[in-house]
1. Among the numbered criteria (1) under 17 Å from Arg272 (Cα atoms); (2) surrounded by 15 or more Cβ atoms within 10 Å (Cβ to Cβ), which single criterion is violated by Leu40?
2. Return yes or no: is Gln32 open to solvent by 60 Å² or more (accessible area, probe 1.4 Å) and either farther than 24 Å from Asp170 by Cβ or not basic (Lys, Arg) (or both)?
3. Within segment 125-143, which residues are open to solvent by 10 Å² or more (accessible area, probe 1.4 Å) and modelled with pLDDT under 55?
4. Step by step: first the residues of segment 233-276, then only those that are in contact with an Asp or Glu (Cβ under 6 Å, 6 or more places away or on another chain) and aliphatic (A, V, I, L, M), then the one that is farthest from Ile205 (Cα to Cα). Which residue is that?
5. Give the residue, chosen from Tyr56, Tyr61, that is in contact (Cβ under 8 Å) with a residue 24 or more places away in the chain and either of a type outside the set (A, V, I, L, M, F, W, C) or surrounded by fewer than 22 Cβ atoms within 10 Å (Cβ to Cβ) (or both).
6. Any residue that is touching a helix residue (DSSP H, G or I) at 6+ places or on another chain (Cβ under 7 Å), at pLDDT below 95 and open to solvent by 10 Å² or more (accessible area, probe 1.4 Å) - is there at least one of those in segment 86-106?
7. Pick out, from segment 181-284, the helices (runs of 4 or more DSSP H) lying fully within it that include 3 or more residues that are within 18 Å of the chain's Cα centre (by Cα).
8. Of these, Gly74, Gly48, which one is of a type in the set (Gly, Ala, Ser) and over 13 Å from Phe98 (Cβ atoms)?
Amino acid sequence: MPLVSMNEFLPKAKANKFAVGQFNINNLEFVQAITEAGMLENSPLIFGVSEGALKYMGIEYTVAMAEAAAKKSGLPIALHLDHGSTFEVAMKCIRAGFSSVMFDGSHHAYEDNIRLTKEVVKAAHAMGVSVEGELGTIGGTEDDLTVDEAHAQLADPEEAIRFYEETGVDALAIAVGTAHGMYKGEPKLHFDIMEAVTSKIPVPIVLHGGSGVPDDAITKAVACGVGKINVNTENQVSFTKTIRESLAKQETVYDPRKYLTPARESIVEVVREKIRLFGSSNQA
């Protein structure tokens, strides 16, 4: 089937209390592994693409791989721009074939974030493309951007509710204590903020920085109304660790297929575990 917007499955996720995973794609092996996991679990999928990954893979290759995965799998798959920084970047992705975009205006003043996000929503919705917005500042490292814990800013529930009402986004990422990258300690999630927001808006909220969050915290977040959870670092760590182990065992290997195949398989297992944890198995 063709790529779909997140509106094909996020309303169902919110209504039925499960979450759909956004698994970032970084090369062909990531696309293949995530798709295989989705097929084995019969789950909808979101391919997340950061601006850094887009630059690395090239927008034409990125869209072509995602379209091939959607056609092969028969699953509802959204190709989603992750942390789009400008209106122009979002529109470039939509024109190229992305079915969903995130506009991250969290580094702007609140009123400016609303104004800029509204512009993206208006243009994207006219093209049948879903939009994720962001409020608050999520810590950690995403591509080359690092926000330390001291400067991470939790979302204010009242501001988040108004943000949704003003912008009409299809999913809302709010800062609730998670961070991009792997955690040095156990993250402290603010479930009270999640509940205060999800009880007042009809769309799901998004949990960024899903890698390394304890399973029980994920389960509780989903119960609170989180309908989309982003995972990237755990897949990257598993992929790279497997390559290192493969090369250490076979020092004379030069065929990349010999070490990329087990690395790809390691991602399949990580993604399958996340899909089950999020509750999206058999929800395609």
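The values are calculated or read from the model by the stated rules, or taken from the named source; none is laboratory data. Nothing here was measured: the structure is a model prediction, and the numbers come from that model. Don't worry about glycine lacking a Cβ; one is built from the backbone with ideal geometry, like all the others, and counts go over all protein chains shown. Protein only, heavy atoms only, side chains kept; ligands, DNA and RNA dropped before computing areas. Shrake-Rupley method; radii C 1.70, N 1.55, O 1.52, S 1.80 Å.
1. Only one criterion is unmet by Leu40, namely (2).
2. Considered against the rule, which asks whether it is open to solvent by 60 Å² or more (accessible area, probe 1.4 Å) and either farther than 24 Å from Asp170 by Cβ or not basic (Lys, Arg) (or both), Gln32 comes out as yes.
3. Hits for segment 125-143 are Gly140, Thr141, Glu142.
4. Among those residues, the one meeting the criterion is Leu260.
5. None of the others qualify; the one that does is Tyr56.
6. Within segment 86-106, one or more residues are touching a helix residue (DSSP H, G or I) at 6+ places or on another chain (Cβ under 7 Å), at pLDDT below 95 and open to solvent by 10 Å² or more (accessible area, probe 1.4 Å).
7. 215-223, 233-249, 256-278
8. Being of a type in the set (Gly, Ala, Ser) and over 13 Å from Phe98 (Cβ atoms) holds for just one of Gly74, Gly48, which is Gly74.
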